[in-house]
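Notes to accompany the following structure.
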Amino acid sequence: MNAAFALLRRDLSLALRNVGETLTVLAFFVIAATLFPFGIGPEPQILARVATGIVWVVALLASLLPLERLFQAEADEGGLDQLLLAPAPLEALALAKCAALWIGSAVPLIAVSPIVAAMLQLPSEAFGTLLASLLLGTPSLALLGGIGAALAVGARKGSALLALIVLPLAIPVLIFAVAAVEAQIAGLSVRPHLFLLAGFAVFWLTVAPFAMAAALRQAAS
Amino acid sequence: MTGESAAGLSGRELACMRGGRTVFAKLDFGFAPGELVVLRGPNGAGKSSLLRVLAGLVAPAEGTLAWHGADIADDPAGHRARLQYVGHLDALKANLTAREHLRFHAALREVGARDGEAHHIAHALDVFGLAKLADRPARFLSQGQKRRVALARLCVAPAALWLLDEPTNGLDTEGVACLAAAIADKREGGGIVVAATHLDFPGSQARTLTLSPSQ
């Protein structure tokens, strides 16, 4: 497991030295969300009604941005061969890269999400649930994004392929994340929705390492 | 060509297909411990493909590859643990220093502090003349210096088999001498070195395996 932790540490330190990439994702998130009040009008009731959906859809799109380079950069530089030849299981190494991606891009995005939500007039009592839904939902996005990124290695138009693989699979996460926040606003229990989001995360955590490893081995041969 | 000789790395009737085309076929060889094998042949003859097959990155289309007589397909993880591969790409991150690259590689090869990681890294930097450049990010290194960092990885973790794809690309004569010394050292310890290269390593008694392009 030392190798996986070393890879996680290395990718995080690279993310720290490359703050520009993280800032690009954050800027995309904030700017894309800001477009909606211009598009649908500034009425607080309408915005409040759609705020959760906007935050989540834009977060989903923003999380696609760093995916293309996740494994493609390793393949282009030759590092993928070194990962494939490491004695450690490739599944653990691929998971470490997903974990670094989540910490490096999803966590900052979650941190600024209350600002975006406030701008979109989301009722303040729903902020906690929105954060909880993002914390439980974004790991699924990072993991299934990892599968897409591994499958897209070596493909021309990799980013388009990635979106085609990842977005449909992300729909269940989107549905229950938004449902959790709406339940909070309606005064209903949010726990079933959050448990389901946690369940999705566990599911992708089980499936993704094997799928990523298989796709990466295929890409190298 | 005694493919079944027990010691070392041997191949029998190896064939490799890339994109529906046969790159090489019916290749028999036996590399003994302490040997340096230089792969030669024109571009497209399959030198890189053979190295990737030997590394286990690509499965041979036909034939078997054995280590000390045991088929490597039965124990791929064991084979990965015993070899080090330097491809034609340097696998460097622009923002990491030489020392950070070597430290990460040591961790990746499961060489920890208890196994004398720091000593191995200092030794590797020394062998390839990188001691003064150790803390410079890779983006400020020249092509040849980057190649030295890629090759210095070989010295941070033990391996019985080195597979080198055009290792001297971009190296100056001093760099080639560093590599030759590292190879000589490895052979003395009973390691096998397989290299695809156009240069002769000074003072080395190498065996040559010539690949010819197949139709």
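The values are calculated or read from the model by the stated rules, or taken from the named source; none is laboratory data. This structure is a prediction, so every number in the text was calculated from the model and none was measured. Here the Cβ positions follow ideal geometry from the backbone for every residue, glycine too, while neighbour counts run over all protein chains shown. SASA here: full protein model, heavy atoms, side chains in, ligands and nucleic acids out. Shrake-Rupley method; radii C 1.70, N 1.55, O 1.52, S 1.80 Å.
Data overview
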read-out: Fully extended contour minus Cα-Cα distance, from B:His119 to B:Ala206, at 0.36 nm per residue; value: 28.4 nm
read-out: 10 Å Cβ neighbours from other chains, averaged over peptide B:105-115; value: 4
read-out: Stretchable slack from B:Ser142 to B:Asp185, in nm (0.36 nm times residue separation minus alpha-carbon distance); value: 12.9 nm
read-out: Accessible surface of the protein assembly as shown, 1.4 Å probe, proportion on carbon and sulfur as whole %; value: 62 percent
read-out: Interface area, A with B, accessible, probe 1.4 Å, both sides summed, Å² nearest 100; value: 2300 Å²
read-out: Residue of A:Ile54, A:Ile103, A:Ile115 that the Gaussian network model of chain A assigns the largest fluctuation, springs spanning Cα pairs under 10 Å; value: A:Ile115
read-out: Shielding by partners, peptide A:79-92 (average Cβ within 10 angstrom, other chains); value: 6
read-out: Pairs beyond 28 Å (Cα-Cα), from A:Lys157/B:Lys47; A:Lys157/B:Lys93; A:Lys157/B:Lys26; A:Lys97/B:Lys186; A:Lys97/B:Lys146; value: A:Lys157/B:Lys47; A:Lys157/B:Lys26; A:Lys97/B:Lys186
read-out: Shielded residues, the range B:79-99 - accessible-area loss of 30 Å² or more between chain alone and all protein chains, probe 1.4 Å; value: B:Arg80, B:Tyr85, B:Leu89, B:Ala91, B:Lys93, B:Asn95, B:Leu96
read-out: Acute angle (nearest 10 degrees) that the helix A:44-64 long axis makes with the longest principal axis of chain A, alpha-carbon atoms; value: 0 degrees
read-out: Residue list for the range B:7-51, given a label point 7 angstrom along the Cα-to-Cβ vector of B:Asp71 and an amide N cut-off under 13 Å; value: B:12
read-out: MRE, 222 nm, helices only [DSSP H, n ≥ 4, -39500 (n - 2.57), over chain A, to nearest 500]; value: -28500 deg cm²/dmol
read-out: Listing of the range A:174-221 residues, each with accessible area lower by at least 30 Å² in the full protein assembly than in the chain alone (probe 1.4 Å); value: A:Ala220, A:Ser221
read-out: Sites matching trypsin sites (Lys or Arg not before Pro) across the range A:87-192 that sit in DSSP coil, with at most 13 neighbouring C-beta atoms within 10 Å; value: A:Arg156, A:Lys157
read-out: Accessible area per residue, Å², the range B:1-155 with all protein chains present, probe 1.4 Å; value: 43 Å²
